[in-house]
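Some notes on the structure that comes next.
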Amino acid sequence: MQILFCTSEASPFAKTGGLADVAGSLPEALHEMGCDVRIFMPLYRCVREMSFALEPLGKGATIAIGAHDYHVNLWQRRTPSGIPVYFLEKDEFYDRSFLYGTPVRGDYEDNAERFIAFSLSVRHVCEAAGWFPSIFHLHDWQTGLVAPHFKTNWRYDPRFARSATVFTIHNIAYQGVFPAGFFPLLNLPPSEWSFQGIEYWGQCNFLKAGITYSDFITTVSPRYAREITTGDFGFGLEGVLKERAKSLSGILNGIDTKLWDPRTDRYLPSNYGSYELSGKKTCKAALCKLAGFARDCREFPLIGMIGRLAAQKGFDLLEKIVPELMKLEVNLVILGTGDAWIEESLRAMQSRFADRLKLADRYDEQMAHLIEAGADIFLMPSRYEPCGLNQMYSLRYGTIPVVHATGGLDDSVIDVLRHPDSGTGFKFYEYTPRSFLEKIKSALKLFGDRAKWEEIQRRAMARDFSWAMSAKQYLGVYDKVIAQRRL
Ligand code: ADP
């Protein structure tokens, strides 16, 4: 099985979100299972600044975006485990401080051209490497255009005759929508400008291109796969997805079980495992100190929350329940950066409940690990959540999550109240402040029963969220589309 991952970000080279984690970890898991998997991504400034050498791949290529020809170069290196990574060099497009836009001015104005160039270069990478994979695994709107080119312009090239495309949606809210005037730049046959093709309410929609033309579509959890075919979650593409329902499935992301392991985590003052939980207390003490709580913080339940400060993440619910929550003798620590209005609202709450609520408004890897280990309860009230990683980290660290039953949160947490013998966390089913607060109260009640709580912790810590499980399911999808292509 030969697979080319076409992605706009991959850890450890460039990351803005969960896509980078998937594009960094899934190829490793597939590689371990014996696949010939390779990665193709842009050569951003942050990659150039990393201290490793790149080797040239071929002599470069010329790509046409509308009437303009652009010369691009290709580079390569291998990951420590031996996976080839190919980089597209076009400094005019990728030598910038950020991946997609600046925090102040928003998206880069030429994002369409930047990712048209990237998508068109996929063919040249194959030619330069002399390697034509069986699967092109595309991710998010930035690579959606590979699929229509594959189905039209590359269709009669015998070198691609045995290949198929799989498209993964990591978050349907981001679609890459550009004015109709961009269509001629795509160099696709005019027939593709239709509502059955690229066109979306008179505009070009790159995500829709990926959905419409790929052989198979996946998303990052089974429940999200169902949700995005509905008006509440489909962000306008629910109809398109419904049409492709037979070729759509959800596969839950894995987590990096080496990096996120309480038994070996190097960020923790004390390591622990499910049958030796005492180290967790040391972590709680360290977290109380780092967050700036009073000394007796250890005696009260400590609630943690980590995430981008974005509307998606349920901060509107949190804002409404904080006054009630603060009456309950708990401490709350929040780590996150993002939208100014959320930051302001959290800061206001911090001043009001200064000794009980702490906001760390920064990106801090070490503190993220310490919260996962040191908190007793973890909150994830996301309005929608394609997969989510923090709830899985929490489970692994014995920090019991309270989540909104949506997307990957619903798929990865088993409700203790509905399934007392197998439950691993608490779920609220209605997206309201009341249901959220009720479930926190239920969690706090059970927290008082040490024996029961430890039983839940042990069950949560025993859950397997390794990539090997997800990689097997992706292999199943690849096999299926290849078999269909041969028919
Ligand atoms: P999303 O991809 O929507 O941002 P996920 O839960 O899938 O949400 O993944 C977010 C990742 O980023 C997690 O690994 C989380 O720990 C990390 N993260 C988010 N905000 C911060 C922060 N302020 N400091 C450290 N890590 C963070």
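The values are calculated or read from the model by the stated rules, or taken from the named source; none is laboratory data. A quick note: this is a predicted structure, and the numbers were derived from the prediction, not measured. No Cβ is skipped: glycine too gets one built from the backbone with ideal geometry, and neighbour counts run over all protein chains shown. Quick note on the areas: whole protein, heavy atoms, side chains included, nothing else; ligands and nucleic acids left out. Shrake-Rupley method; radii C 1.70, N 1.55, O 1.52, S 1.80 Å.
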Fraction of accessible area attributable to carbon and sulfur, the chain (%, probe 1.4 Å): 51 percent
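Please work out the average accessible area per residue across the range 278-464, using the 1.4 Å probe convention, and give it in Å². Provide the component values of the computation, followed by the final result.
Details: 7520 Å² over 187 residues.
For the range 278-464, the per-residue accessible area is 40 Å².
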Cβ-based net charge around Pro433, under 12 Å, with every Lys or Arg adding one and every Asp or Glu removing one: -2
Anchor Lys59: lysines whose Cα lies under 22 Å away (excluding residues fewer than 8 positions away in-chain): Lys90
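Mind checking the per residue accessible area of the range 199-255 for me, 1.4 Å probe, whole number of Å²? Could you put the intermediate results ahead of the total?
Working: 2120 Å² over 57 residues.
About 37 Å² of surface per residue is accessible.
First measure r as the distance between the Cβ atoms of Arg298 and Asp421, then evaluate 1/(1 + (r/R0)^6) with R0 = 30 Å and state the FRET efficiency to the nearest 0.05. Numbers along the way, then the final one.
Numbers: r = 30 Å, r/R0 = 1.01.
E(calc), rounded to 0.05, equals 0.50.
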Solvent-accessible area of Glu113 with every protein chain in place, 1.4 Å probe, in Å² to the nearest 10: 40 Å²
Under 18 Å from the Cα of Lys358 - aspartates and glutamates, other chains or at least 8 residues apart: Asp296, Glu299, Asp316, Glu319, Glu324, Glu329, Asp339, Glu343, Glu344, Glu372, Asp376
Heavy atoms of Lys452 accessible to a 1.4 Å probe, total area in Å² rounded to 10: 110 Å²
Debye intensity ratio I(q)/I(0), log10, the chain, q values 0.09, 0.13 Å⁻¹ (C-alpha model): -0.64, -1.23
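Which sequence of Ile198, Ile306, Ile414 reflects their accessible areas, 1.4 Å probe, from the largest down? Walk me through the numbers on the way to the answer.
On the way: Ile198 0, Ile306 30, Ile414 55 Å².
Sorted by accessible area, descending: Ile414, Ile306, Ile198.
Give the shape of the range 278-464 as rounded, prolate or oblate, defined through the alpha-carbon gyration tensor: a ≥ b ≥ c are the square roots of its eigenvalues, a/c under 1.5 means rounded, and otherwise the shape is prolate if a/b is larger than b/c and oblate if not.
Numbers: a/c = 1.42, a/b = 1.14, b/c = 1.24.
Rounded is the answer for the range 278-464, as its axis ratio a/c remains below 1.5.
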Helix 340-352 vs. the chain, principal-axis angle (Cα, 0 to 90°, nearest 10): 10 degrees
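So how strong a dipole does the chain carry about its Cα centre when Lys and Arg Cβ are +1 and Asp and Glu Cβ are -1, to the nearest 20 debye?
Working: 57 positive and 57 negative charges, 179 e Å.
My answer is approximately 860 debye.
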Reachable aspartates and glutamates from Lys480, criterion Cα separation under 12 angstrom, eight or more residues apart if same chain: Asp215
Projected label distance in nm at Arg434 and Lys281, using a 7 Å step from Cα toward the beta-carbon: 4.0 nm
Unsatisfied cross-links (Cα-Cα over 23 Å) in the set Lys289/Lys320; Lys320/Lys445; Lys281/Lys320: Lys289/Lys320; Lys281/Lys320
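Rounded, prolate or oblate: pick one for the range 3-153, where a ≥ b ≥ c are the square roots of the eigenvalues of its C-alpha gyration tensor, a/c under 1.5 means rounded, and failing that, prolate if a/b is larger than b/c, else oblate. Can you show the working numbers first?
On the way: a/c = 1.40, a/b = 1.14, b/c = 1.22.
Since a/c stays below 1.5, the shape of the range 3-153 is classed as rounded.
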Å² of accessible area per residue within the range 37-160, as computed with a 1.4 Å probe and no ligands counted: 43 Å²
Selection of trypsin sites (Lys or Arg not before Pro), the range 84-147, meeting DSSP coil and at most 12 other Cβ within 10 Å: Arg105
Spacing of the two label points (7 Å from each Cα toward its C-beta) at Asp232 and Asp157, in nm: 4.4 nm
Cysteines having no other Cys beta carbon under 4.7 Å from their own, within the chain: Cys6, Cys35, Cys46, Cys126, Cys204, Cys283, Cys387
Spacing of the two label points (7 Å from each Cα toward its C-beta) at Val104 and Ala67, in nm: 3.6 nm
Lys281, Lys480, ranked by accessible area, largest first (probe 1.4 Å): Lys281, Lys480
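Do the sum for the chain: with -39,500 (n - 2.57) for every DSSP H run of n ≥ 4, divided by all residues, what is the mean residue ellipticity at 222 nm, to the nearest 500 deg cm²/dmol? Intermediate values should be presented prior to the final figure.
On the way: 17 runs with 177 residues, N = 487.
Computed mean residue ellipticity for the chain: -11000 deg cm²/dmol.
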